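Following: one structure in structure tokens, then a few remarks.
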Amino acid sequence: MPKSPDANEIHRTQGADALRQAFDEAVPFKPKAKRQRTNGPALDDDDNPFGEIPTAPKAPQPNDSLEVFDAGEDIDLPPPRGWLLGNQFCRGFLSSLVAPGAAGKTALRVLQLVALATARNLTSQHVFMRCRVLLLSFEDGRDELRRRVLAALLHHKVNRNELKDWFYYATPKGIKLAELKDGSRQRGQLEQWLRDKIEQLKPDIVCLDPFVKTHALGENNNSEMDFVCELLATFADDYNIAVDSPHHARKGAAMPGDADIGRGSSSIRDAGRLVYTLTSMNEDEAKQFNIEQTNRHFYVRLDSAKVNIVRSRSATWFKLVGVNIGNTTELYPNGDEVQTVEPWNPPKVWEGLSSTILNAVLTNIDAGMPNGQRYTDKGGGKGERAAWRVVQRYCDRSESQCREIIKTWIGNGVLYHQEYDDPIERKKRSGLRLDKEAMIGETYS
């Protein structure tokens with residue numbers, strides 16, 4: 001092979017332009033690859049009797065194209081959604097329960113999880129299948145969580161053995177799903193630890209209570225909260241499980257069914273597909289159901305706030321109850337009373353009656369009869385002046401049920417007796433009047 005001229009020779013014999021052209025056309029230098037012998041020194045390409053050294057195969061690359069389907073060819077029925085408990089928990093979806101403090105959020109979730117782990121109908125919500133449960137409590141320590149579980153078991157007469165291999169819990173402290181590091185958001189240590197436990201225990205549902213304690217990012221930052229919610233949703237998708245994270249309500253009045261009562265950015269609300277609220281009975285509801293005002297905080301209502309994969313349903317009621325768990329000692333002879341919940345149904349006489357209907361009845365009773373006489377609950381109530389008849393004109397109820405409604409309103413002061421001059425009988429009589437400040441919900445003029 002003839003020897004190639006060097007740069008000095010080209011410049012001397014052909015000039016600067018030829019040298020510049022030679023540089024432009026030159027092939028970059030590439031060192032010869034070495035091939036390792038089984039013994040002896042390495043060979044270069046010129047020494048390789050088998051030709052060019054084969055290169056290692058490339059690692060498979062992820063499919064970076066958009067996968068598109070033809071709906072006209074998609075003839076097989078899709079599988080049903082993987083519901084676990086009522087419309088509360090579903091495989092592949094993120095759920096949440098938003099509630100103010102002391103509303104019984106954790107007590108309700110514990111009972112719902114016990115219902116799943118035992119396949120028992122403890123909450124009046126349908127259990128589709130027995131489920132393995134993993135509960136992570138970031139607020140309660142282990143002993144307090146044990147008290148909560150025990151209260152639910154004792155009150156609902158569940159044997160602890162029914163939870164074995166079905167109900168797991170942890171009370172992690174100081175570790176997060178997401179955190180800031182060097183000014184950027186990153187997955188926290190808990191993310192991998194939780195993945196390890198999911199793969200080990202194979203739960204059907206994971207509950208992380210409460211949401212605010214799962215991360216160390218800015219609660220009011222939409223982008224950062226979207227990052228946290230995406231981590232939770234990814235668990236649900238990767239493992240085909242239900243993921244739930246109860247959430248605290250912001251300060252102020254909590255309206256039933258209002259998804260916006262949750263603390264922090266709107267991305268928290270938007271990420272959940274099954275969002276419910278839990279709120280205490282208000283004053284108007286206590287009047288409707290004949291509950292003492294001092295006791296109304298024991299009654300809580302569960303409302304769908306953002307359930308965008310099924311039709312919304314009416315409120316479900318629960319009652320908070322205290323349970324003595326029997327952990328007496330010499331120092332504490334009374335032991336602990338711990339809160340759990342039980343299903344509660346409003347008196348059926350009131351079921352389905354809106355405040356609009358009830359206020360129309362009250363307004364009509366207060367207006368009296370066209371002839372100037374007033375309605376009454378006295379004298380057996382058989383005549384036209386019988387107040388229960390006004391109730392029946394607006395409500396599909398029996399006479400006894402309508403009488404019960406009138407009796408309740410008189411008992412709680414919504415209606416009261418007042419003497420008046422009867423223009424027909426021309427004598428003093430007692431008739432019913434309305435305390436307008438005690439009306440149900442809206443007021444009527």
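Can you tell me the relative contact order of region 355-438? Whole percent, Cα pairs under 8 Å, sequence separation 6 or more.
Details: 110 pairs, mean separation 25.0, N = 84.
With pairs under 8 Å counted, the relative contact order is 30 percent.
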Between region 74-96 and region 120-161, what is the C-alpha centre distance in whole Å? 23
Starting from the Cα-Cα distance between K428 and T234, subtract it from 0.36 nm times their residue separation and give me the gain in nm to one decimal. 62.4 nm
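Tell me, what is a quarter of the convex hull surface for the C-alpha atoms of region 355-438, in nm² with one decimal? Intermediate values should be presented prior to the final figure.
Numbers: hull surface 21.1 nm².
With the hull built on Cα positions only, its mean projection is 5.3 nm².
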What spacing in nm lies between the two simple spin-label points modelled at D182 and D270, each 7 Å away from Cα in the Cβ direction? 3.0
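Considering Cα pairs under 8 angstrom that are at least six residues apart, work out the relative contact order of region 83-346 and quote it in whole percent.
Reported as a whole number, the value is 24 percent.
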Once you put a point 7 Å from the Cα of K378 and another 7 Å from the Cα of T363, both along the Cβ direction, what distance in nm separates them? 2.8
Taking 18 Å as the cut-off for C-alpha to C-alpha distance, list the pairs among K378/K436; K157/K197; K173/K213 that go past it. K378/K436; K157/K197
The FRET efficiency for Q200 and K173, from their Cβ-Cβ distance with R0 = 22 Å and rounded to 0.05, is 0.60
So if we plug the beta-carbon distance of S400 and M129 into 1/(1 + (r/R0)^6) with R0 = 56 Å, what FRET efficiency do we get, rounded to 0.05? 0.85
Between Q189 and K164, how high is the FRET efficiency from 1/(1 + (r/R0)^6) when r is the Cβ-Cβ distance and R₀ = 25 Å? Nearest 0.05. 0.30
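Please compute, over every Cα-Cα pair in region 131-187, the percentage with a separation greater than 15 angstrom. Can you show the working numbers first?
Working: 977 of 1596 pairs.
Percentage above 15 Å: 61.
Bear in mind that the values in this text are calculations on the coordinates, not laboratory data. None of the values given here were measured: they were computed from a predicted structure. Every residue, glycine as well, gets a Cβ built from its backbone with ideal geometry; the counts of neighbours run over all protein chains shown.
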